[in-house]
1. For segment 47-70, how many residues are surrounded by 13 or more Cβ atoms within 10 Å (Cβ to Cβ) and at pLDDT below 85?
2. Take segment 102-116 and flag every residue that is small (Gly, Ala, Ser), surrounded by 11 or more Cβ atoms within 10 Å (Cβ to Cβ) and modelled with pLDDT under 60.
3. Among residues belonging to segment 1-27 that are aliphatic (A, V, I, L, M) and within 27 Å of Leu177 (Cα to Cα), point out the one that is surrounded by the fewest Cβ atoms within 10 Å (Cβ to Cβ).
4. Quick check on segment 77-89. Is at least one of its residues of a type in the set (Gly, Ala, Ser) and exposed (fewer than 14 other Cβ atoms within 10 Å of the Cβ)?
5. Can you tell me which residues in segment 84-101 are at pLDDT below 75 and in a loop (DSSP other than H, G, I, E, B)?
6. Are any of the residues in segment 6-24 out of contact with any His (no Cβ under 6 Å at 6 or more places or on another chain) and assigned to a loop (DSSP other than H, G, I, E, B)?
Amino acid sequence: MNTALKNIRRSPFQALSAVFIISLTLFVVGIFSLVTFASHIILLNFETKPQIIAYLKDDHTTDQVAGLISNMTTTQGVKNAIYISKQDALEIYKKSVGNDPVLLGTVTDWGIVTADILPASIEITASDPSAFNTIVSILEKSDIVSATPQGKKEIDFPQDVISELTKWTNAIRGAGLILIIALTVVCILTVMIIISMKISGRRTEISTLKLLGAQNIYIIKPYITESLIYGLSGAFFGWTFSYIALLYSTPFLAPRLGGVISFPIPFWVNLFLLIGLLAFGLILSLISSLFAAARFVKRSR
């Protein structure tokens, strides 16, 4: 450790270069890890909510509803189908509007909102967005699904919202993965070159140690330690920068994603991110130093 710290003090600019490139790499890794985590939560939130709502006629019977639900649950791509009665619809409406007297109808001309004026419905959750067209086709053929005066069935579904969101998420992940791989390669090469230069710069001292019987592992151990210091330092700075970026972006993200993701981000998420970046930084630095050591051992034979 003392030798490693002495080597860092002897060439501070090389050390800063190594720490900087590792920090940049792990900052990008941290940002895209948070983006991936957030996109997973958003997709999970969409997938667990009813994606298709079919409003029913007032004269529907229990047997008709049971038959339609049975037909839905046996359809491939349907995760769940539930019946929402008029009273259930009223409770959902009250929860959604809170205590607003206008929306509750207590101060309007059309009177207090009651269950009679709200339609019953069937809410369907699809396990696969590609099943939307099949589900809607079945609902459009049902006799108990209400229709507009123009004859169009009253069915609400988000078209291809989830599939489009999935495509964007996969595109972001793919771009992030390519960028991370590129930066990782640059990071490994940079640290490897720096460690190789330091080994070459002490060629005379190393030759003396070998004449005295020192083993290769004894000679390269300080350089591996130095590389690990770079990795830990870069990981900590990368995590710090990503944490600061998250704090500054919270006022922008909270109003838009507050209903899906809890803000501020829980402490355990940042803790796991720090542990992951530290582990990744150690792996990067260890690989870089081992490559440099392998070159030294190959030349010293």
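1. Pass one, segment 47-70, residues surrounded by 13 or more Cβ atoms within 10 Å (Cβ to Cβ): 47, 50-57, 60, 64-65, 67-69.
Restricting the remaining residues to those that are at pLDDT below 85 gives 47, 50-52, 60.
Matching residues across segment 47-70 total 5.
2. Of everything in segment 102-116, just one residue is small (Gly, Ala, Ser), surrounded by 11 or more Cβ atoms within 10 Å (Cβ to Cβ) and modelled with pLDDT under 60, namely Gly105.
3. First, the residues of segment 1-27 that are aliphatic (A, V, I, L, M): 1, 4-5, 8, 15-16, 18-19, 21-22, 24, 26.
In the following step, the residues that additionally are within 27 Å of Leu177 (Cα to Cα) were identified as 15-16, 18-19, 21-22, 24, 26.
Working: Ala15: 19, Leu16: 13, Ala18: 28, Val19: 23, Ile21: 21, Ile22: 32, Leu24: 17, Leu26: 31.
Filtering segment 1-27 for residues that are aliphatic (A, V, I, L, M) and within 27 Å of Leu177 (Cα to Cα), the one surrounded by the fewest Cβ atoms within 10 Å (Cβ to Cβ) comes out as Leu16.
4. Looking only at segment 77-89, we keep the residues that are of a type in the set (Gly, Ala, Ser), and these are 77, 81, 85, 89.
From what is left, the residues that are exposed (fewer than 14 other Cβ atoms within 10 Å of the Cβ) are none.
Looking through segment 77-89, none of the residues is of a type in the set (Gly, Ala, Ser) and exposed (fewer than 14 other Cβ atoms within 10 Å of the Cβ).
5. Correct list: Gly98, Asn99, Asp100.
6. Here is the first cut: in segment 6-24, the residues out of contact with any His (no Cβ under 6 Å at 6 or more places or on another chain) are 6-24.
Then keep just the ones that are assigned to a loop (DSSP other than H, G, I, E, B); that gives 11.
Yes.
The values are calculated or read from the model by the stated rules, or taken from the named source; none is laboratory data. Since this is a predicted model, take the numbers as computed values, not measurements. Here Cβ is always computed from backbone atoms with ideal geometry, including for glycine, and neighbour counts include all displayed protein chains.
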